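Structure, as structure tokens:
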């Protein structure tokens, strides 16, 4: 029994337990947001989820079905999955970003449903057995990547020698935004985006190439997450691009849209594309382009696509050029 002095009576308590139990059972286990809201709707509803052991198993399975994985250095047996579920929904469950919040949870759940997991044994031990080990197991599959990879960017400028934590450096972005997203879209405020699996089917290793670095190889034996991929990018975002990388980039990308022609056109572009950080300010990520499964059995291989997101006007070019003189 709960203390009515601490918890005022709720109209929901007039319904019989049997009926409330039917309501709870009608909610798909992977509908994490609805379950958390239902659980919190009335203190007496907690009993519908069983004792501490049953609740731990339920919330572990619910997070799995919602496509939420382990962050770097986490071991699933040491994670409080009920806490993860509540943290994700309370902080991020109603995010209005199209690649986060309820929209991302729904997309994840649909992908997890395609995996046809055994709900009677829904835990991390069983999930690990479903993770694709190498390309030989799935050369007929075309992996789907998280929508987050079409909607992120980095802080455009960081003073030399300063290293921002990834949660402060990465922002959720939108196609229609021409300027840097506001602070509430920093990755640290979006645990659903962080924990979401990066690829479906789940893989423990992947390669992807960019215009500005050697091939990057995120790994996670528990299933690669969005955070794993962004961490790999974060590790190279402030490295200087080589002359060869810059020349190849200028051949492949639309520079005329991003940079209007001026007398110092080439010099101006090179100054603006010195590092991946500045490059990503003008050419925002636009998803992962699946190329093939690796012949060596290491997993899928992707390329990072881009779109022109920031087009300078001639006046801006003149102003920036004058400031550098």
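Some observations on this one:
- Protection-proxy order for peptides 199-206, 159-166, each taking the mean of Cβ atoms within 10 Å per residue, highest first: 199-206, 159-166
- If the segment from residue 174 to residue 113 were pulled out straight at 0.36 nm per residue, it would be longer than the present Cα-Cα gap by 19.2 nm.
- Per-peptide average of other Cβ atoms within 10 Å, ordering 227-236, 270-279, 240-249, 36-45 highest first: 227-236, 270-279, 36-45, 240-249
- When the convex hull of its Cα atoms is projected in every direction, mean area for the range 68-213 (nm²): 10.9 nm²
- Calculated over the range 11-128: convex hull of Cα atoms, volume per residue (Å³): 117 Å³
- For the pair residue 120 and residue 247, a Förster radius of 45 Å applied to the C-beta separation gives a FRET efficiency near 0.20, rounded to the nearest 0.05.
- Working from Cα pairs under 8 Å separated by at least six residues, relative contact order for the range 11-128 is 29 percent.
- Simple spin-label estimate for residue 215 and residue 51 gives 5.2 nm between the two label positions (7 Å along the Cα-to-Cβ direction from each Cα).
- Span from the the range 285-303 Cα centroid across to the the range 174-237 one, whole angstrom: 14 Å
Every read-out reported here was derived from the displayed coordinates using simple, explicitly stated rules and does not represent laboratory data. Predicted model only: the values in this text are computed from it and were never measured. With ideal geometry, Cβ positions are generated from the backbone for all residues, glycine too; neighbour counts draw on all protein chains shown.
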